[in-house]
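Structure record follows, encoded as structure tokens.
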Amino acid sequence: MNNFTFYAPTYFAFGKETENECGKLVKRFGGTKVLIHYGGGSVVRSGLLERVKTSLKEESISFIELSGVMPNPRDGLVYEGIDLCRKENVDFILAVGGGSTIDSAKAIAAGTVYDGDFWDFYEGKPVTEALPIGTILTIAAAGSEGSPDSVITKEKGMLKRGASGEAYRPKFSILNPALTQTLPAYQTACGITDIIAHLYERYLTNTTEVEVTDRLIEGLIASMIHEGPRVIENPDNYEARANIMWAGMVAHNNICGVGRSQDWTSHNLEHELSAEYDCAHGAGLAVVMPAVFTYTMKQDVMRFAQIASRVWGCQMDFYHPEKTALEGIERLRCFLASIGMPLTFEELGAKEQDIEKLAHTACYGDGSGSGKVYGFTTLEQTDVENIYRLML
């Protein structure tokens, strides 16, 4: 196990009707003028936005609103939010929504107090300062409610890139599983897939002797295998949604990733798909993960065989562990299909003729990239092209 530091100070309020406490929590963490950031649609229709406003008014906290967050959030709205926060002297940002809304809120929080272009943070500059952020989560998926990470799409060139820094960890996050009960089955399944991806990306490590975090990851994936079908069958299953919601946070606040190298190849390759075709991130991951795992399996066959045995119930073949590893990948594919996820390029609306361009962007970005994708194993552009072709 490698040396590490871990500090995750987010205050979590978990359970039914906890959104009614947001005013008190904003005040507790020093907010006096709030930007409420959200997408629209269900947040308004469900009455959640009105409950949030009522809670803030009860604590005499003034607020302004910025709606319009889209899946795969865009930089245009971030720039609008930064200008609005500066003009209105906002000192706290409250994200009401899923990972896209929270990621957009984080970018606005950093950009508001930064003299340069906020996109600098999405080209590698560490995030060291940001306005304080609170979240009210409406979909269990990205884990942004507890993480130091954010992903934004730059509309010029449609580049999807991530930024990270401890200043991005929310001061508080409100997690009411009941708020996710109205989600369509497809969105729920996309969230479960994203959670599983966050766990696999940490599991695929070249660091040895990491049994504790291995077991944490295995247990969380097993929980998603158990809870996924239950919540797809019965969307009102509060207990299943509660387990999924907490797993989403634990999967990505990095408690499962400390002391070990991590992968993130699947996420890097998926970002090109959701940027280019605007597909759901979880749906893209469902297509990408099995292809990446099949292609990179030779890096450490026993690691793939181990998770196949421990999580997917495959019989370990010690003479031919590659057979066990492949069986585990196939069981992952079957599980994703069973909850309604796509498994091929065509189902995402992706095109074979775009593969070279997608691979080039994954490796080189807008010209600042190294020409390689680093992770569990190092990939050249030809490797990335081969992986995309496995998705056909």
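The values are calculated or read from the model by the stated rules, or taken from the named source; none is laboratory data. Not measured: the values here are computed from a predicted model. Neighbour counts are summed over all protein chains in view; Cβ atoms, including those assigned to glycine, are modelled from backbone coordinates with ideal geometry. Areas reflect the complete protein model, heavy atoms only, side chains present, ligands, DNA and RNA absent. Shrake-Rupley method; radii C 1.70, N 1.55, O 1.52, S 1.80 Å.
So the values come out like this:
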read-out: Summed side-chain charge close to Glu155 - residues other than Glu155 whose Cβ falls under 9 Å, Lys, Arg +1, Asp, Glu -1; value: +2
read-out: Acute angle (nearest 10 degrees) that the helix 301-310 long axis makes with the longest principal axis of the chain, alpha-carbon atoms; value: 70
read-out: Probe 1.4 Å, all protein chains present, accessible-area order of Arg260, Arg333, largest first; value: Arg333, Arg260
read-out: Whole-Å semi-axes of region 239-316's equivalent ellipsoid (Cα gyration tensor); value: 22, 20, 14
read-out: Mean-position separation - Cα centroids, region 1-15 and region 175-229, in angstrom; value: 17
read-out: Angle between the chain longest axis and helix 265-277 axis [Cα atoms, degrees, rounded to 10]; value: 60
read-out: Convex hull of Cα atoms in region 110-160, direction-averaged projection (nm²); value: 4.5
read-out: On Cα atoms only, tilt of 99-112 relative to the major axis of the chain in degrees; value: 60
read-out: List Lys57, Lys154, ordered by accessible area with a 1.4 Å probe, largest first; value: Lys57, Lys154
read-out: Region 240-280: C-alpha gyration tensor shape, a/c 1.5 cut-off, then a/b vs b/c; value: oblate
read-out: Accessible-area value, Met70, 1.4 Å probe, nucleic acids and ligands omitted, Å²; value: 90
read-out: By average C-beta atoms within 10 angstrom, highest first, the peptides 31-44, 6-19; value: 31-44, 6-19
read-out: Cα convex hull of the chain - mean projected area over all directions, nm²; value: 17.8
read-out: Segment Thr208-Glu88, extension gain: residue separation times 0.36 nm, minus the distance between their alpha carbons; value: 38.1 nm
read-out: Rounded if a/c under 1.5, otherwise prolate or oblate - region 89-134, Cα gyration tensor axes; value: oblate
read-out: Distance violations [Cα-Cα > 32 Å] among Lys154/Lys372; Lys16/Lys156; Lys33/Lys125; Lys57/Lys125; value: Lys16/Lys156; Lys57/Lys125
read-out: Cα shape, region 1-152, gyration tensor, a/c 1.5 rule; value: rounded
read-out: Protein-only accessible surface order, largest first, of Leu216, Leu84 at 1.4 Å; value: Leu216, Leu84
read-out: Mean Cβ count within 10 Å, highest first, over the residues of peptides 247-256, 323-332; value: 247-256, 323-332
read-out: Restricting region 173-250 to GluC sites (Glu not before Pro) in coil, as DSSP defines it, with at most 15 other Cβ within 10 Å; value: Glu209
